[in-house]
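If you scroll down you'll find the structure; I have some questions about it.
The values are calculated or read from the model by the stated rules, or taken from the named source; none is laboratory data. Predicted model, so just to flag it, every value in this text is computed and none were measured. No Cβ is skipped: glycine too gets one built from the backbone with ideal geometry, and neighbour counts run over all protein chains shown.
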């Protein structure tokens, strides 16, 4: 896990699971299974497919995450963009078979370094904002 | 992300509102009139922005005579800045659920 600048921040989680990669792959790529542990979705394992993840933590509040599939290597790698509230990131799942099951790694980067789409002022503004806010908060400590 | 963070995010997505908040952070306590002078929008619009920021916990107010003085409460941003921690706990909980599901798929 690294806590760098706003442009490079990411989180990485890793788990050893006593299940074969094929089974984990099903759980992370089939919409009705994804819904059971992550969010409601219209995911398809096709590069370029755009989909939403949604959840409703309160009756009057619906969180929608805009996603686009970036990489699909069955039972090995799955990657999609994760854009919520003007913050764009990428979520990447990596499955590695082990003697006892699978090593599962999930990484979420907060901001993609190679922005393809121009998010314009909003996105650039966010990065600057967060960087500035961090400075302000540092000074307060 | 918890709901409080969403309120903070939403309140700062608007560039005019963000500019007002940044100004309060930089320059300290201000009145609506002082903020309006530089905000480029009308006083009622500034007041509305301030009320959204206040609801999100980003701005506090202090009444003195007829004047209301607004100040930034940057501590409300801590969860945003602690993005890494927040997202780690989000994915931890989701992975727990994934493991539950995998165990149920066995049966």
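State whether one or more residues within the stretch A:18-33 are more than 17 Å from the chain's Cα centre (by Cα), modelled with pLDDT under 95 and farther than 20 Å from residue B:101 by Cα.
Scanning the stretch A:18-33, I find no residue that is more than 17 Å from the chain's Cα centre (by Cα), modelled with pLDDT under 95 and farther than 20 Å from residue B:101 by Cα, so the answer is no.
A quick yes/no check of all residues on (1) modelled with pLDDT under 70; (2) within 14 Å of the chain's Cα centre (by Cα); (3) over 19 Å from residue B:94 (Cα atoms):
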residue: A:35; (1), (2), (3): no, no, no
residue: A:40; (1), (2), (3): no, no, no
residue: A:43; (1), (2), (3): no, yes, no
residue: A:62; (1), (2), (3): no, no, no
residue: A:75; (1), (2), (3): no, no, yes
residue: A:83; (1), (2), (3): no, yes, no
residue: A:93; (1), (2), (3): no, yes, no
residue: A:102; (1), (2), (3): no, no, no
residue: A:124; (1), (2), (3): yes, no, yes
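Among the helices (runs of 4 or more DSSP H) confined wholly to the stretch B:1-104, which include 1 or more residues that are more than 9 Å from every other protein chain (Cβ to nearest Cβ), in contact with a strand residue (DSSP E or B) (Cβ under 7 Å, 6 or more places away or on another chain) and farther than 30 Å from residue A:90 by Cβ?
Because the criterion is at least 1 residues that are more than 9 Å from every other protein chain (Cβ to nearest Cβ), in contact with a strand residue (DSSP E or B) (Cβ under 7 Å, 6 or more places away or on another chain) and farther than 30 Å from residue A:90 by Cβ, the helices (runs of 4 or more DSSP H) in the stretch B:1-104 that meet it are B:15-27, B:32-39, B:43-55.
Of all residues in the stretch A:21-60, count the ones that are within 11 Å of another protein chain (Cβ to nearest Cβ), within 20 Å of residue A:75 (Cβ to Cβ) and assigned to a loop (DSSP other than H, G, I, E, B).
Residues flagged as within 11 Å of another protein chain (Cβ to nearest Cβ), within 20 Å of residue A:75 (Cβ to Cβ) and assigned to a loop (DSSP other than H, G, I, E, B) within the stretch A:21-60 amount to 2.
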